[in-house]
Amino acid sequence: MDFVIRNAELLQLGRREWQAADVVVSRGQINRILPASSKLSFTGRKTNSKLDMAHSELNIADEIEAAGCALLMGLHDHHIHLLSLAESLRSLKVGPPEVATREEFYQAFLSAKAGLASGKDWIRAVGYHESVAGELDQEALDAIASNHPIRVQHSSGAMWMFNSLAMELLGLTQDTSGAEVGADGKPTGRFFGSDEFLRLDALERTGAANRIGQVGALLAGFGVTGITDATPEYGAEEVAFFSQAVSGGELPQRLTLMVPEGSEHVNPGPYKIILSDHSLPSFDHLAEKISSAHGSGRSAAVHSVTRASLALLVAVLDEVGSVAGDRVEHASVVPPELMEGLLRHNVRVVTQPNFVAERGDRYLAEVESDDIDWLYRCRGLQEAGLRVAGSTDAPFGSPNPWQAIWAAVTRRTQFGGVVLGAAERVKSEQALALFLSHLDDPGGVPRQVKLGEPADLCLLEAPWREVAAAMPENPVRATWVGGERVV
C-alpha cells in the first residue's frame, strides 16, 4: 500500500538537525521526501507528479498526519534471544527488580503453585540472582516444591537450576553436558552452558512456538524493525521455525541468526563463541574456534563479560588475526589497555547500556572497584574509533530498547540513582544511533530516512527534543516494516 506521512520531523544525524517533511512510501520503499505541507493532494487517487523521478504511478491509499512528531528508521536490536524471550512471557519472575528479597522469592513460588492444576504442571522461573536468596540447587528447589517440576534460569542466562522431579522428567544426569557434580559424585541440579540441549526439549519449543507472535508484536510496539538473535548453535530446525514465523507475519521484523546459512526470510550472521564466566577455554581452543570461523568465511561474535575473558580474546586475535565483521558481545568490562587491543583488530562492540540501569546497583556492590568505570562503555569506545552498536540482550535485559537508549544518556542506576561511569554518557542522538545501524554492519553508519531506503519506519508521539527531554518509557506511536504497518 502506498501512503504519505505528513509533516514529519526527520533527524539529520550527521548535523544533529531536524527537517520538516512529507514522506511518501511506495512499494515498500521511501519514494519521495517533499517539503512539509506540500500542495500535492494524494488521497484516494492516482498521481503521476513530475516530482516522481522514477516516473512510476503512485496510488496513495492513506495519509498519516505526523503533526511535527519525529519519524525515524526502525530500531535494530543487535543482540537478543527470541526463543528465550518467547518462553519468558509465561515464566515466573524471581529476580530483581520484580523480586529482591528471600521472602518475595518464596512468596512468588507459593503463588505460582496455588495456580497449578496438577503436580505435573511445570514452574519455569527466570531472572534469578544470588542476591535474592543465595545459591540454588536441586535440594533447595525440592524444599520449595517436590511435587512440581521446577527449573530456574539465572539472570546471566548461563545457568539453569532444577529440582529432582524436573531432573527425572527431562532425563538429566551427570552425563549431561554442563552438569555440575557435587563431591559425592551426584548432580547438584545446576547446569552451565546447556542452552543448546535445553532449548530443544518439547517444553521450550511448544512455549516459544505459541508465543513468537507475542514477541513480534511486543518488539514492534517499541519501534523495533530488525533483530539479530545471538543465540549460538541454532540448526536447520530453528532456521525453518523462524523462517515460517517471518513469512507468516508472526515475527514482522527483519531477522539475522548466527548461523552459516539462512533462508529467504532469515539472514545468516557471524559465528557465536561463548567465553564462559565460570570456565574460560584454553588459548589454543579459542584460537582454533576463531580460526575455523574465519576459514569458513564467517566473522566471529565473541561473548565476553569479564576483564579476563576480554584479555584472552585480544591475545588470541593478536595470534590469529581478525576479519571484517568480528565483534565482541557485551564487552562488559573494557579497560583502556584492552580497548587498544580491540582497536588493533577493528573489532566491533555490541553492548547493552540498559544493564547500567537494570543491574548498576548490584554492580556497585559486587564488581571490583577497578572495573566500575569500564562497565558497558559507550562514549570512550566511540571516541577511540571503535564501532559500537546497541542491544538489549532480552530476556536477560528488558526488551525495550528505549530503556537502553536513556540509560546510555544518563547512566543512572535504577534504584540508587547513582551515575555509573559518568565519562561514558552520550548525547541522546548518539544513544539513538546505537540502534540505527544495519544488522550486517553493527556500529556502522546510522540508517536515516532517505530516498530508496526500505520503509522500515518508526513514528514517535512527539518531536525529538520533547522525547529526549522527557525520556518516556516508550515514545512510539506507529511502526512500519517494508511499508506494512505493524503497530
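A short reminder: the numbers here are calculations on the coordinates, not readings from a lab. If you're wondering where the values come from, they're calculated on a predicted model, not measured in any experiment. With ideal geometry, Cβ positions are generated from the backbone for all residues, glycine too; neighbour counts draw on all protein chains shown.
Worth pointing out:
- Under the simplified labelling scheme, the Asp370-Tyr106 pair shows an inter-label distance of 4.0 nm, with each label point 7 Å from Cα along Cα→Cβ.
- Ranked for footprinting exposure by Cβ neighbours inside 10 Å, fewest first, Ser276, Ser37, Ser322, Ser146 give Ser37, Ser146, Ser276, Ser322.
- Mean-position separation - Cα centroids, the stretch 78-95 and the stretch 126-153, in angstrom: 18 Å
- For His303, the residues 5 or more places off, or on other chains, whose built amide H falls under 5 Å of its own are Ile273, Ile274, Leu275, Glu329.
- Around the amide H of Ala455, modelled in the peptide plane, lie the amide H atoms of Gln29, Ile30, Gly482, Gly483, all under 5 Å away and 5 or more residues distant in sequence or on another chain.
- Charge dipole (the chain, unit charges on Cβ, about Cα centre) - positive-most of Ala112, Val486, Val246: Val486
- Going by neighbour counts of Cβ atoms within 10 Å, the residues Val181, Val126 line up, fewest first, as Val181, Val126.
- In order along the stretch 163-172, the Karplus-derived 3J(HN,Hα) couplings, from 6.51 cos²θ - 1.76 cosθ + 1.60 at θ = phi - 60°, round to 8, 4, 5, 5, 4, 5, 5, 8, x, 7 Hz, and Gly and Pro are given as x.
- Gyration tensor over the Cα atoms of the chain: the corresponding equivalent ellipsoid has semi-axes (square roots of 5 times the eigenvalues, largest first) of 40, 26, 22 Å.
- Couplings 3J(HN,Hα) for the stretch 66-76, derived from phi with the Karplus relation 6.51 cos²θ - 1.76 cosθ + 1.60 (θ = phi - 60°), are 7, 6, x, 6, 6, 10, 10, 5, x, 6, 10 Hz, where x marks Gly and Pro.
- Treating each Cα of the stretch 82-202 as an identical point scatterer and summing with the Debye formula, the log10 of I(q)/I(0) at q = 0.18, 0.23 Å⁻¹ comes to -0.94, -1.57.
- Least to most buried among Asp456, Asp373 (fewest other Cβ within 10 Å first): Asp373, Asp456
- Its Cα gyration tensor gives the stretch 313-472 an equivalent ellipsoid; the semi-axes, largest first and in whole Å, are 25, 23, 12.
- Lysine-lysine proximity count for the chain, Cα under 27 Å, sequence distance 8 or more or distinct chains: 9
- Each residue of the stretch 377-392 was assigned a 3J(HN,Hα) from its phi angle through the Karplus curve 6.51 cos²θ - 1.76 cosθ + 1.60 (θ = phi - 60°); the sequence is 6, 9, 4, x, 5, 5, 5, 6, x, 7, 8, 10, 10, x, 7, 10 Hz, with glycine and proline shown as x.
- Positive dipole terminus of the chain, leading residue within Ile60, Asn147, Ser164 (C-beta point charges): Ile60
- Summing charges over neighbours of Tyr128, with a neighbour being any other residue whose Cβ is under 14 Å away from its Cβ, gives +2 when K and R count +1 and D and E count -1.
- Dipole magnitude of the stretch 82-202, debye to nearest 20 (Cβ charges: Lys/Arg +1, Asp/Glu -1, about Cα centre): 360 debye
- Here's how it looks for Ala20: its modeled amide H is under 5 Å from those of Leu10, which are all 5 or more places away or on a different chain.
- Charge dipole (debye, nearest 20) of the chain; +1 at Cβ of Lys and Arg, -1 at Cβ of Asp and Glu: 1680 debye
- With the charge dipole of the chain set up from +1 on Lys and Arg Cβ and -1 on Asp and Glu Cβ about the Cα centre, the Cα lying farthest toward the positive end among the listed residues Gly452, Gly185, Pro270 is that of Gly452.
- All other residues whose Cβ lies under 9 angstrom from that of Gln403 are scored, Lys and Arg at +1 and Asp and Glu at -1, for a net of -2.
- Charge tally around Leu342: other residues with Cβ under 12 Å, Lys/Arg +1 each, Asp/Glu -1 each, net +1.
- Spin-label model, His265/Glu453: points 7 Å from Cα along the beta carbon direction are separated by 2.6 nm.
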